[in-house]
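Worksheet for the structure shown next.
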Amino acid sequence: MTWKAAARSVLGNGHIKANIPCQDASECLVLENGKWLVGAVADGGGSLTHSDIGARIAVRYSVIALAASLRGGLLPDAFNSETEQFFASFWSDLVSDIRRQLNSEAEISDVPFSQYGATLIAFVAGQEWLAAMQIGDGFLVLCAESTSTEDCYHLAFTARPSEHVGEVTWITSSHWRDDFRQEVFAGPTKFVCASSDGLEKVAILQREQKAFPGFFRPLHMNANNGSCDLVTLAESTLTLPALDRFTDDDKSLLLGIWTDV
């Protein structure tokens, strides 16, 4: 068994028309011959001048830090109390480190720190557990089943009440700890999907705060196909013309599948 994964971000029509760069960023990495998957997705604030840079730095630093922890032997294979204790401090330290990186970038460029604001979702998945964190909107959906069923998809973190009225916390926000969410999910995860808020209207039932099976089942079933290229699957999903009816925002999609193919 091994992890297969892909991550892609595409420019939204609204940003194309306004000549604004893609403010989403996403990245994933499969390590140790498929034993581990690390990934991150970030969405830069639309009104912030340097949020595209903030999103890229947040994603890249998260993936590098998670990979370094794995390669350094800091993470246990099996879930135990030490796993939860480790991540309780790891995620907080990670965000603090990213904020320092962004502050240094801001000082060098003589740009206010706040202009690098971005959301962030990051995770690491092994065979026996998955650890994740989130600041701001977007979603991380997990499935513990190898094959797709109607009710197997679960949101790792539900939206904060403020997000429903458009108030988003950025990684640069002074109150980021108030919005910070983290958890270690015991047991195997067989399918993972992460995205910025660009896909929320089609993927998440907003009132119920539940994953919409009609969006995730086709992705899961296609990903399970041994001949499916996940990069192509992610790109073709993000560029579906039908999505333009729901959003003109940038969009990101990270897909991971635990498979024997």
Query raised in the report: Is there a pair in K190/K210; K4/K201; K35/K251; K35/K190; K201/K251; K4/K190 whose C-alpha atoms are over 21 Å apart, and which pairs would that be?
Result: K4/K201; K35/K251
Query raised in the report: Which of G12, G117, G44 moves the most in a Gaussian network model of the chain with Cα springs under 10 Å?
Result: G12
Query raised in the report: Tally Lys and Arg at +1 and Asp and Glu at -1 over the other residues with C-beta under 14 Å from the C-beta of A40: what net charge comes out?
Result: -1
Report task. May I ask for the longest run of the chain untouched by GluC sites (Glu not before Pro) that are loop-located per DSSP and have at most 13 neighbouring C-beta atoms (other than their own) within 10 Å? Result -> 33-149
Query raised in the report: How far apart, in nm, are the 7 Å Cα→Cβ label points at H154 and T239?
Result: 3.6
Query raised in the report: Which percent of Cα pairs goes in each bin when the distances of the chain are cut into 10 angstrom slices starting at zero?
Result: 7, 32, 38, 19, 3, 0
Query raised in the report: Which residue fluctuates the most in the chain, going by a Gaussian network model with Cα springs under 10 Å, if the choices are A40, A211, A18?
Result: A18
Query raised in the report: Using the Cα atoms as the points, what is the convex hull volume per residue of the stretch 1-122 in Å³?
Result: 112
Query raised in the report: For the charge dipole of the chain, defined by +1 on Lys and Arg C-beta atoms and -1 on Asp and Glu C-beta atoms about the Cα centroid, which residue among P76, L29, S51 has the Cα displaced farthest towards the positive pole?
Result: L29
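Values in this text are rule-based calculations from the coordinates and carry no lab data. Nothing here was measured: the structure is a model prediction, and the numbers come from that model. Ideal geometry is used to build each Cβ from the backbone, glycine not excepted, and the neighbour counts take in all protein chains shown.
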